[in-house]
Amino acid sequence: MTSLKDRIVIQQGDLTDMDVDAIVNAANNDLILSAGGAGAIRRKAGEEIQRECDAIGSIPVGYAAITSGGKLKARFVIHAASMELGGVTTAESLRGSTVHALRIASERQLKTIAFPALGTGIARFPVKECAAIMLHEAAQHLQTETSIEKIYFVLFDEEACGVFERAWKRLQSDLKKAQQKKGIAEASSA
C-alpha cells in the first residue's frame, strides 16, 4: 500500500483541468453554480451540470451531492455544500462537507478526487484553518477502508498552495508522533 504522504498531493493549478474521477465544487446548499469556482465549473462543464443540480434541489449545509462532469475531464463533480447561498463557511460545515464528499467518492468506487480550498473564496473562510481541517479529514479517510487512492488539493494561487503544504507537513509530523506514542504505549502494556 502506498504511504499516506504519497496519497495526498498539493499543487497549484486550475481545478477544472484535472483529469481525475471527481472534482469537488465549493457549493452552496441550493447547488446554484453562479460565482467563483462554481461559476468556473459551470462555464467549462456546460449547463447540464446546473440542470442536474436543479434536479437534486437543496441539500443541507455540511453535506454533498454528485453530478456528472459534463464537458470536464473529470467524470463527476461532487458538490460540497459548506455554506448557504450568500452565506459563510464554518469549521463544522467545512468538516462535514469534506467528509461527505469523500464518502460519496468512496461509495461510487472512485479512485481519484481533487478538492479546492473549500469556502475560502466567496465564503471568506481562513485558508490556514481550511487547510488544517481538510487535510486532517483527508488523512483520516485514507486510513479507513476506501476506494480512494489519491486525493489532490488544487489551489488557485501560490500563497494558498504554500499554506496547504505547510499544514500538510505539520499534520504528517503530528501523525508520526501519535504513531510513535501509540507504539510506546503498546510496548509498555505488553
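Quick one: putting +1 on the C-beta of Lys and Arg, -1 on the C-beta of Asp and Glu, what dipole do you get for the chain around its Cα centre, in Debye to the nearest 20?
Working: 23 positive and 23 negative charges, 106 e Å.
Charge dipole of the chain: 500 debye, to the nearest 20.
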Radius of gyration and Dmax for region 114-175's Cα atoms, expressed in Å?
11.7, 34
Two pseudo-spin positions, 7 Å from Cα along C-beta at E107 and at E149, lie apart in nanometres by 2.4
Could you work out how much longer the chain between D54 and K177 gets when fully extended? Use 0.36 nm per residue separation minus the Cα distance between them, nm to one decimal.
39.7 nm
Between helix 91-107 and the chain: long-axis angle, C-alpha atoms, 0 to 90°, nearest 10
90
Could you sort E145, E158 by their accessible area in this structure, using a 1.4 Å probe and putting the largest first?
E145, E158
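Please give the calculated 222 nm ellipticity per residue for the chain, where each DSSP H segment of at least 4 residues contributes -39500 (n - 2.57) and the sum is spread over every residue; nearest 500 deg cm²/dmol? Kindly include the intermediate steps, with their values, before the conclusion.
Working: 6 runs with 89 residues, N = 190.
It lands at -15500 deg cm²/dmol.
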What are the residues whose amide H is under 5 Å from the amide H of A114, where those residues sit 5 or more places off or on another chain and H is modelled from the backbone?
A22, I23, V24, Y152
If I fit a long axis through the Cα atoms of helix 158-189 and take the longest principal axis of the Cα atoms of the chain, what angle between them do I get, 0 to 90°, rounded to 10?
40
What number, in percent, do you get for the relative contact order of region 1-111 if the mean sequence gap of Cα pairs under 8 Å and at least 6 apart is divided by its residue count?
29
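Over the chain, what is the relative contact order in percent, taking alpha-carbon pairs closer than 8 angstrom and at least six residues apart? If you can, show how the numbers build up before the last one.
Numbers: 377 pairs, mean separation 49.9, N = 190.
Normalised by residue count, the contact order of the chain is 26 percent.
Determine the gain in length on full extension of the stretch R43-R124; use 0.36 nm per residue of separation and subtract their C-alpha separation, reporting nm with one decimal.
On the way: separation 81, 0.36 × 81 = 29.16 nm, distance 2.25 nm.
So the chain would gain 26.9 nm between R43 and R124.
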Heavy-atom accessible area of the chain with neighbours in place, 1.4 angstrom probe: carbon+sulfur share in percent works out to 51
When the convex hull of its Cα atoms is projected in every direction, mean area for the chain (nm²):
10.7
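Could you work out how much longer the chain between S34 and A91 gets when fully extended? Use 0.36 nm per residue separation minus the Cα distance between them, nm to one decimal.
Details: separation 57, 0.36 × 57 = 20.52 nm, distance 2.29 nm.
The S34-A91 span can extend by a further 18.2 nm.
Calculate the FRET efficiency for E159 and L4 from the Cβ-Cβ distance with a Förster distance of 22 Å, rounded to the nearest 0.05.
Details: r = 25 Å, r/R0 = 1.14.
Given R0 = 22 Å and the Cβ-Cβ separation, E is 0.30.
Please list, by residue number, every one of the trypsin sites (Lys or Arg not before Pro) in region 104-177 that is coil in DSSP and has at most 12 other beta-carbon atoms within 10 Å.
On the way: sites: R108, K111, R124, K128, K150, R166, K169, R170, K176, K177; in loops: R108, K111, R124.
Here the sparse-neighbourhood loop sites are R124.
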Loop-located GluC sites (Glu not before Pro) in region 41-135 whose Cβ has at most 16 other Cβ within 10 Å (DSSP):
E84
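Just to confirm, what accessible area per residue do you get for region 1-116 at 1.4 Å probe, in whole Å²? Before the final figure, lay out the partial values.
Details: 5200 Å² over 116 residues.
Ligands and nucleic acids excluded, the figure is 45 Å² per residue.
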Computed over the chain: longest principal axis from alpha-carbon atoms vs helix 47-56 long axis, angle to nearest 10 degrees, is 70
Can you pull out the trypsin sites (Lys or Arg not before Pro) in region 53-83 whose DSSP state is coil and whose Cβ has at most 13 other Cβ atoms within 10 Å?
K71, K73
If you find the alpha carbon centre of region 56-113 and of region 18-35, how far apart are they in angstrom?
7
Let a ≥ b ≥ c be the square roots of the eigenvalues of the Cα gyration tensor of region 29-141; is it rounded (a/c under 1.5), or, if not, prolate (a/b larger than b/c) or oblate?
oblate
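Could you order E149, E137 so the one with the most accessible surface comes first? Probe is 1.4 Å. Can you show the working numbers first?
Values: E149 100, E137 25 Å².
Largest accessible area first, the residues go E149, E137.
The values are calculated or read from the model by the stated rules, or taken from the named source; none is laboratory data. In this text the structure is predicted, and so the values were computed from the model without any measurement. No Cβ is skipped: glycine too gets one built from the backbone with ideal geometry, and neighbour counts run over all protein chains shown. Accessible surface is based on the protein model in full, side chains and every heavy atom, while ligands, DNA and RNA are left aside. Shrake-Rupley method; radii C 1.70, N 1.55, O 1.52, S 1.80 Å.
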